[in-house]
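Working notes, beginning with the structure itself.
The values are calculated or read from the model by the stated rules, or taken from the named source; none is laboratory data. Only a predicted model underlies this, so the values are computations on that prediction, with no experimental measurement involved. Counting neighbours? That spans all protein chains shown, and the Cβs are built from the backbone with ideal geometry, glycine included. Note: accessible area is taken over every heavy atom of the protein model, side chains too, but ligands, DNA and RNA are not part of it. Shrake-Rupley method; radii C 1.70, N 1.55, O 1.52, S 1.80 Å.
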Amino acid sequence: MGVAGPFPGYAGRSPGPVMDRDEADRALARLGAEHEAIETSLLALQDHAGRRLLEGADLTGVTKERWATTEHSITLLWGYFDAYAGALAEARAVRARRRHPNRDDLVALTELLRGQGVTVAHAAGRPHPSVTGPAKLSERFTLEELVARMNDLYARSLDMVVASDSVWSALPARIDLLAAELHRTRSLAHSVGVRPGEHPAGDDLEAITHELTTLRVQVISDPLAFWLPGPGSSAPGGGRPDTTRYDRAARALDDVRREIEAVLAVRQDAEQRLVQLRDVLSRADRTLTEARSARGEVLAKIAASEVPAVSGPATALQERLAAASEYRRHAQWHRLSPLLETLEQEAEEELLRARESLTAVTAPLAVRAELRGRLDAYKAKVARHGLAEDPLLIERYDAARRMLWSAPCDLRVATQAVLRYQETAAELLSQSRAPGPEDRR
């Protein structure tokens, strides 16, 4: 029998008819096999690595409480086993008296093998009452009852030992590996200036270090606090280690490592990104300068039009860009990294705002250019139809042209003049297409 399973059950019957010689011999053979299996299981439990670790550990919490109960259970198990072995030895002695046992021998064997012939006295080794029920000075068992009691104590003891050993086999090694990765990450963080009190990632590294240190101490002293029993499992050791806190620390370290890698990337391409930032801000300034110049031209050339004001250059962004350059010069990568990301976004927004301002300012000039193009297009159209010399068209074309090419230009009046020219041209073109009397015939 192995350590992982219970003791074999005893298939005897309650005292009844006296056993014959063959029945007694078969029962003794079974008992001998059971004795060997029970002894093998108890010795394996005694030598189990988890039990040895529990004996030498400075335990706390729920593990300390359960180990105290388990130690009493193991002591009691050996007491029960000694009683079981004694009953077996006594039965063998009775059987060995004669080759052909008489009735008195068979009655004695029947009582030993099937009756409550095993007495267990409890002295100093008596466990806490929670192990086997209310405390008694002695108990009487049948061999079947004694094996059942040993099975129960063995399963509970083995469950506690296996659960503790499973946690110790799984979590401390993983915590040590994560601590080694944490040490490498801290060294890398220090190389780029990420330190506690100076960068959030440095504070996170300190918190993870404290958590792993605390977690390892707790796992070593109280492994059962990190054990999740398997639902519906009655086998000893059914369940798994609880890795919730370990997994949380591992995820936090991954987040910090990604942030450190981002800082390292900044160190590698900081100069290129600063050049690109200066270029974007320079284009934004040039666009705003063009918008201010265009606004003056619009105010001089276009009358009765709302022209939006143009803001000045982004001096605040320029100052922060200068601060970013200082961070790079002094290798303060942990400060440069978040500043660069913010500046890149705000610089693109500033360039977009400058372009929108230029578009809004030059809108009246675009309207005037569109009206000029439309007027010339209609003039070319009527010329193709031979109406270029029409006096009314010439008059209205000249009026619209004067308004569009004069300064300042009133766009509202010029728009109406162009529309009048279009309407007149459209009317004359429709009349020229109408068929005469001969054409109708």
Worksheet item: Which one is modelled with the lowest pLDDT among residues in segment 265-274 that are open to solvent by 30 Å² or more (accessible area, probe 1.4 Å) and not polar (S, T, N, Q)?
Response: Arg267
Response to the item:
How many residues of segment 34-74 are under 13 Å from Val167 (Cβ atoms) and of a type in the set (S, T, N, Q)? The answer is 1
Practice prompt. Go through segment 285-308 and give me each residue that's surrounded by 16 or more Cβ atoms within 10 Å (Cβ to Cβ) and either hydroxyl-bearing (Ser, Thr, Tyr) or in contact with a Phe, Trp or Tyr (Cβ under 8 Å, 6 or more places away or on another chain) (or both).
Written response: Thr287, Ser305
Practice prompt. Would you check if there is a residue in segment 357-376 being over 30 Å from Ala300 (Cα atoms), part of a helix (DSSP H, G or I) and open to solvent by 80 Å² or more (accessible area, probe 1.4 Å)?
Written response: no
Worksheet item: Pick from Ser325, Ser311: which is farther than 19 Å from Glu356 by Cβ, modelled with pLDDT under 85 and surrounded by 13 or more Cβ atoms within 10 Å (Cβ to Cβ)?
Response: Ser325
Discussion item. Suppose we filter segment 199-211 for residues that are buried (at least 20 other Cβ atoms within 10 Å of the Cβ) and more than 19 Å from Ala262 (Cα to Cα); how many remain?
Written reply: 1
Discussion item. Suppose we filter Gly50, Gly79 for residues that are in contact with a Ser or Thr (Cβ under 6 Å, 6 or more places away or on another chain), part of a helix (DSSP H, G or I) and buried (at least 16 other Cβ atoms within 10 Å of the Cβ); which single one remains?
Written reply: Gly50
Discussion item. Testing Ser187 on (1) over 15 Å from Ala249 (Cα atoms); (2) surrounded by fewer than 20 Cβ atoms within 10 Å (Cβ to Cβ); (3) in contact (Cβ under 8 Å) with a residue 12 or more places away in the chain, one condition comes back false. Which one is that?
Written reply: (3)
Worksheet item: Could you give every pair whose Cβ atoms fall below 7 Å, whose first residue belongs to segment 192-204 and is of a type in the set (Asp, Glu), and whose second residue is not in a loop (DSSP other than H, G, I, E, B), counting only separations of at least 6 or pairs across chains?
Response: Glu198/His334; Asp204/Ala252; Asp204/Val256
Discussion item. If I filter segment 328-339 for residues that are hydrophobic (A, V, I, L, M, F, W, C), out of contact with any helix residue (DSSP H, G or I) (no Cβ under 7 Å at 6 or more places or on another chain), assigned to a helix (DSSP H, G or I) and without any contact (Cβ under 8 Å) to a residue 40 or more places away in the chain, do I get at least one hit?
Written reply: no
Worksheet item: List pairs: first in segment 70-99 and touching a residue at least 24 places away in the same chain (Cβ under 8 Å), second among the small types (Gly, Ala, Ser) and not in a helix (DSSP H, G or I), Cβ under 7 Å, 6+ apart or cross-chain?
Response: Thr75/Gly125; Leu76/Gly125; Gly79/Gly125; Ala87/Gly117
Worksheet entry | Criterion (modelled with pLDDT under 85 and either open to solvent by less than 50 Å² (accessible area, probe 1.4 Å) or assigned to a loop (DSSP other than H, G, I, E, B) (or both)) met by exactly one of Glu438, Glu389, Glu427, Glu350 | Glu389
Worksheet item: Out of curiosity, is Asp255 over 16 Å from Glu344 (Cα atoms), touching a residue at least 40 places away in the same chain (Cβ under 8 Å) and loosely packed, with under 14 Cβ neighbours inside 10 Å?
Response: yes
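Residue-wise test of (1) more than 27 Å from Ile175 (Cβ to Cβ); (2) modelled with pLDDT under 80; (3) of a type in the set (Val, Ile, Thr).
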site: Ser221; (1), (2), (3): no, no, no
site: Trp227; (1), (2), (3): no, no, no
site: Asp247; (1), (2), (3): no, no, no
site: Asp254; (1), (2), (3): no, no, no
site: Arg258; (1), (2), (3): no, no, no
site: Glu261; (1), (2), (3): no, no, no
site: Glu290; (1), (2), (3): yes, no, no
site: Ser305; (1), (2), (3): yes, yes, no
Worksheet item: Would segment 9-28 turn up any residue that is open to solvent by 20 Å² or more (accessible area, probe 1.4 Å), assigned to a helix (DSSP H, G or I), closer than 21 Å to Asn151 by Cα and modelled with pLDDT of 80 or more?
Response: no
Fill in: Single match in Gly61, Gly5 (criterion: within 43 Å of the chain's Cα centre (by Cα), open to solvent by less than 60 Å² (accessible area, probe 1.4 Å), at pLDDT below 80 and farther than 23 Å from Glu139 by Cβ)
Gly5
Worksheet item: Mind checking which residues of segment 400-416 are surrounded by 17 or more Cβ atoms within 10 Å (Cβ to Cβ) and either within 13 Å of Lys379 (Cβ to Cβ) or touching a residue at least 60 places away in the same chain (Cβ under 8 Å) (or both)?
Response: Ala400, Arg401, Leu404, Cys409, Leu411
Worksheet item: Would you say Tyr246 is of a type outside the set (Gly, Ala, Ser), out of contact with any Leu (no Cβ under 6 Å at 6 or more places or on another chain) and buried (at least 19 other Cβ atoms within 10 Å of the Cβ)?
Response: yes
Fill in: Qualifying position, being hydrophobic (A, V, I, L, M, F, W, C), assigned to a helix (DSSP H, G or I), over 21 Å from Arg52 (Cβ atoms) and touching a residue at least 12 places away in the same chain (Cβ under 8 Å), among Leu158, Leu178, Leu153, Leu224
Leu178
